[in-house]
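Below: one structure, written as structure tokens.
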Amino acid sequence: MWIILAFISAALLGFYDASKKSSLRDNAVIPVLFLNTVFCAALLLPLIILSHTGHITPTSDFYVAPLSPAQHRLIVLKSAIVLSSWVLGYFAIKHLPLTIVGSVNATRPVLTIVGALLVYREDLNAWQWAGVSLGVLSFYLLSRSGSKEGIRFSHNVWIYLLVGAAVLGAASGLYDKYLMSSPETGGAGINRMAVQGWYNLYQCLMMGVMLILIWWPSRRKSSPFRWKHSIVFISIFLTLADFVYFYALTDPDAMISVVSMVRRGSVLVSFAIGALIFKEKNLKSKTVDLIFVLLSMICLWIGSN
């Protein structure tokens, strides 16, 4: 079941990336990101309140369990990691083609796998190793195809920001496994809905401070903010993707390395949107590269069943 949830989360992440690209075109980054955190918090805050008042019971999949001060501190750390990744990633996606962003983001499972093998000592079977290997190859080919568009990865500040976002995203994935694993297996044993609900709320507060201290004083010197309806869809797709993702990780058999790899299959959705809606270039060679992504997903599917 957890592998099916990982694929659903991947599709939702593809639409999430497309919504970000649409929202950030000729727009100010920090206000868009702030509104994203506001809408995400608004979607989840009612669950926190209803769980606290007893209207949502512990038997419900939407129950937000109470947390100790120590657990809140752990979630604050997650919020800081994720928000740092988002800030870097949002600036990068504004200035880079969506197909390039998808390919670089797709390197996150490589980093996550290294961490999973070292930290959690996860074992992969032959089919899963084949899927990982094909995934690594496909992401390398996608990155090489992107370089044909004149973007020199070694001399582009937006690529550096995107790589930084990928590294922080991989670290967040490993941290998620720790937060939601049971204490018997060395984890913090935090309720998945508590993680999702509170980390979004803390992110909103952090982003509010950033908006007031950084963007507002210099707003007339940077890109103006324009409201777009796609900003709302950023939050909707992200909240749904995270809900499915956290649900998958609560399965004791779930492997963070495989879940992270499958989630990066979102590049298939973002690629299609980049080609059909944003009319991006160099699609022929990128289509060949995406075949390897599909083969990688198939191998992972077989290996996980």
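The values are calculated or read from the model by the stated rules, or taken from the named source; none is laboratory data. Keep in mind the model is a prediction, meaning the values are calculated, not measured. Cβ placement follows ideal geometry from the backbone for every residue including glycine, while neighbour counts extend to all protein chains displayed. We work out accessible area using only protein heavy atoms, side chains counted, and drop any ligands, DNA or RNA first. Shrake-Rupley method; radii C 1.70, N 1.55, O 1.52, S 1.80 Å.
Here are the numbers for this structure:
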{"quantity": "Residue identified as assigned to a helix (DSSP H, G or I), within 19 Å of His229 (Cα to Cα) and open to solvent by 60 Å² or more (accessible area, probe 1.4 Å) among Leu43, Leu50, Leu35", "calculated": "Leu43"}
{"quantity": "Residue in region 144-151 that is among the polar types (S, T, N, Q), open to solvent by less than 20 Å² (accessible area, probe 1.4 Å) and at pLDDT below 85 present", "calculated": "yes"}
{"quantity": "Residue satisfying condition, being under 22 Å from the mean Cα position of the chain (by Cα), in a helix (DSSP H, G or I) and either among the hydroxyl-bearing types (Ser, Thr, Tyr) or modelled with pLDDT of 80 or more (or both), within set Val288, Val244, Val293", "calculated": "Val244"}
{"quantity": "Residue satisfying all of: in region 19-32; part of a helix (DSSP H, G or I) and of a type in the set (Lys, Arg); nearest to Val64 (Cα to Cα) among these", "calculated": "Lys20"}
{"quantity": "Among (1) within 17 Å of the chain's Cα centre (by Cα); (2) crowded, with 21+ Cβ neighbours inside 10 Å, the one test that Leu268 misses", "calculated": "(2)"}
{"quantity": "Flag for Leu213 being under 20 Å from the mean Cα position of the chain (by Cα), in a helix (DSSP H, G or I) and surrounded by fewer than 17 Cβ atoms within 10 Å (Cβ to Cβ)", "calculated": "no"}
{"quantity": "Tally of residues being open to solvent by 50 Å² or more (accessible area, probe 1.4 Å) and not aromatic (Phe, Trp, Tyr) across region 60-69", "calculated": "3"}
{"quantity": "Lone qualifier among Ile100, Ile113 - being at pLDDT below 85, among the β-branched types (Val, Ile, Thr) and within 28 Å of Asp253 (Cα to Cα)", "calculated": "Ile113"}
{"quantity": "Among (1) buried (at least 17 other Cβ atoms within 10 Å of the Cβ); (2) modelled with pLDDT under 95; (3) among the β-branched types (Val, Ile, Thr), the one test that Ile4 misses", "calculated": "(1)"}
{"quantity": "Sole exception among (1) over 26 Å from Leu276 (Cα atoms); (2) in a helix (DSSP H, G or I); (3) not hydrophobic (A, V, I, L, M, F, W, C) for Tyr16, by number", "calculated": "(1)"}
